[in-house]
Amino acid sequence: MAKKIKLPPHIICYNIFKKRLKTAVSCEIMRHIMKVQLRKLFVFVVFIFLSARFVQASLASRVNAILSQSSQQKVEYSVCILKADTGVTAYEHDAHHSLIPASNMKVVTTAAALRYLGSDFEYKTKVGIQDSNLVIIGSGDPLLGDRQTDDKYSRRQNWILEGIAKELKDKNINSLKDIIVDTGIFDNELVHPSWPKEELNRSYACEVSGLNYSDNCIMMSLENLNGQVYISIEPQTSFVTLVNEVRAVLSGDSAVAAYRNVQPNKLTIKGECRNKVGPFEVTIERPAAFFGFLLAEYLDKNGIKVTGQFIEKASVNQKDLKQIAEYVTPISDCLDRCNKDSLNFAAEALMKTIAAYNNPDEKNGSWQRGAELIGDFIKELGIDENEFCIDDGCGLSRKNELSANIITKVLLDVYKGSNWSLYRDSLAIGGVEGTRPIADHFQEEKYKGKMLGKSGSLTGVKALSGICITEGGEYIFSIITNNANGESREAINNIVKAIIDEAEGNS
């Protein structure tokens, strides 16, 4: 058994002193280390802060120089640049000044569509049989029969008409009474009152119906063969009447145009044709009837007779409807065509769809109600109602007014939400794809693919809004110009390049 040895008091005191001294030294060392680390952290924070301030100051200097160019002195600018991760303003110039936004209106419309309809929303156009009648329930889908969307999914031309005919044949249905179309999802105002009347035959101003087909346009081509000008259209249909007043010429440039008459869907084609012209798009009137007529013609060619007439209704009782087909378009496709390709029609359909789905019966979507709801969405972001005016969804109306502040706040709201990746992928990519003002510019290696956005153009209006994705962070921006001139687009692009340069230290 080990013996316990009792230490003298002076040795015990010495050991206690030794331990306390060691602890004190350790604490002092730790305090020193912490002070050093804190100094380093402070220096780092100050460096980051000063660097950010330096970048902001340098960016401001470059943007101000661009805006001060003699060619831009009379141009109105509204500019806002935000750091995406913090929402802090990196630069602004009359950011709250409201201007005509042109197609940058689509940035707000598509964001509002995601807010009100959700990322899982789908347009569903239903086809069924009811009392020997063929019934189509329109959903307002802007991409039903859209050529570009069909190409994306490798669909054949007329695949919808083929599908309906096949379903009828498979059910041994060889005769139908009426073709009835329910277009009540939207109201009966097909043309926006603020759109230029002389441009209603252009594809960007097509009618907007509860049932749409092939962008509510026909494709027209002309060819001069031995002094005779021939006109062809696609799809081929007797729904449209053509009056050919085009002169065949042997020299000079070809120039033709299609003009509307008092009679709906009667087009007078005028101009001169040397060799070939087209194909180019021309709008039709009464889109629902256009689809019904095309369907009846196709069914007749395939042995299915329609003995009655075409009937358009605001509401069809679906109680006894036996559905035979359904055509679905996801909202993601609409966002792509709207933002990447700037399809006006898609924006207007989204606007009316927002309105319809916020009505008690989920019908009768109108431009007026859509404008109210988009305005409410903007106000939810803390923006005063005096800073904007919403008239249509695509930006063709010159009554629209937005500020760069609004567009950046809208983009920031989407950026912070769960739908950002879906929205981001709908934007055009600088130097890569989308509308020409974006795809054809930013081709330099240091800019290519680093700007995602939406351009806008009207007479005297040029705009560009989006996000710059750089090694130094992501920046949300909006640049709107009114009283713009031929050099304004380059000035806008140079502002975007300055954002990328300053963020990546390339200045």
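Numbers below:
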| quantity | calculated |
| --- | --- |
| Cβ-defined net charge surrounding V414, 9 Å radius [Lys, Arg +1; Asp, Glu -1] | +2 |
| Three-way shape call for segment 398-507 based on the alpha-carbon gyration tensor, with the a/c threshold at 1.5 | oblate |
| Per-residue Cβ neighbour rank within 10 angstrom, fewest leading, H96, H192 | H96, H192 |
| 20 Å Cα-Cα reach of K322 towards aspartates and glutamates, excluding residues that sit fewer than 8 places from it in its own chain | D131, E162, E167, D170, D178, D182, E312 |
| Nearest-0.05 FRET efficiency for E490 and R274, computed from C-beta distance (R0 30 Å) | 0.35 |
| Exposure proxy order (Cβ contacts within 10 Å, fewest to most) of V88, V108, V282 | V88, V282, V108 |
| 3J(HN,Hα) from dihedral phi, segment 194-209, Karplus parametrisation 6.51/-1.76/1.60, rounded to Hz, x for glycine, proline | 8, 7, x, 4, 6, 10, 6, 8, 8, 4, 6, 10, 5, 5, 10, 10 |
| Unsatisfied cross-links (Cα-Cα over 22 Å) in the set K126/K313; K169/K305; K363/K454; K340/K409 | K363/K454 |
| Low-density loop positions, trypsin sites (Lys or Arg not before Pro), segment 304-345 - DSSP coil, at most 16 other Cβ in 10 Å | K319 |
| Ellipticity estimate at 222 nm from DSSP helix runs (n ≥ 4, -39,500 (n - 2.57)) divided over the chain, nearest 500 | -11500 deg cm²/dmol |
| Shape of segment 122-332, Cα gyration tensor, a/c cut at 1.5 | prolate |
| Inter-probe distance in nm under a simple model that places probes 7 Å from Cα toward Cβ, at S421 and S232 | 4.5 nm |
| Partner aspartates and glutamates for K450 [C-alpha distance under 20 Å; skip if fewer than 8 residues away on the same chain] | D85, D336, D341, D425, E433, D440, E471, E474, E490, D501, E502, E504 |
| Neighbourhood charge, 11 Å Cβ-Cβ cut-off, centred on T125 and excluding it, Lys, Arg +1 and Asp, Glu -1 | -2 |
| Amide proton proximity set for A325, modelled H, under 5 Å, gap of 5+ | V127 |
| Whether the chain is rounded, prolate or oblate, judged on the alpha carbon gyration tensor where a/c under 1.5 counts as rounded | prolate |
| 14 Å Cα-Cα reach of K166 towards aspartates and glutamates, excluding residues that sit fewer than 8 places from it in its own chain | D300, E326 |
| Two-site FRET efficiency, E372 against S61, from Cβ-Cβ distance with R₀ of 60 Å, rounded to 0.05 | 0.90 |
| Protection proxy ranking, peptides 395-404, 113-122, average beta carbon neighbours within 10 Å, highest first | 395-404, 113-122 |
| Local net charge near G145, Cβ-Cβ under 14 Å (Lys/Arg +1, Asp/Glu -1) | -4 |
| Neighbour cut-off at most 11 other Cβ (10 Å), DSSP loop, trypsin sites (Lys or Arg not before Pro), segment 143-229 | R156, K171 |
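Coordinate-derived values only; no laboratory data. Remember, it's a predicted structure, so these values are computed and weren't measured experimentally. Quick reminder, even Gly has a Cβ in these numbers, built from the backbone with ideal geometry, and neighbours come from all protein chains shown.
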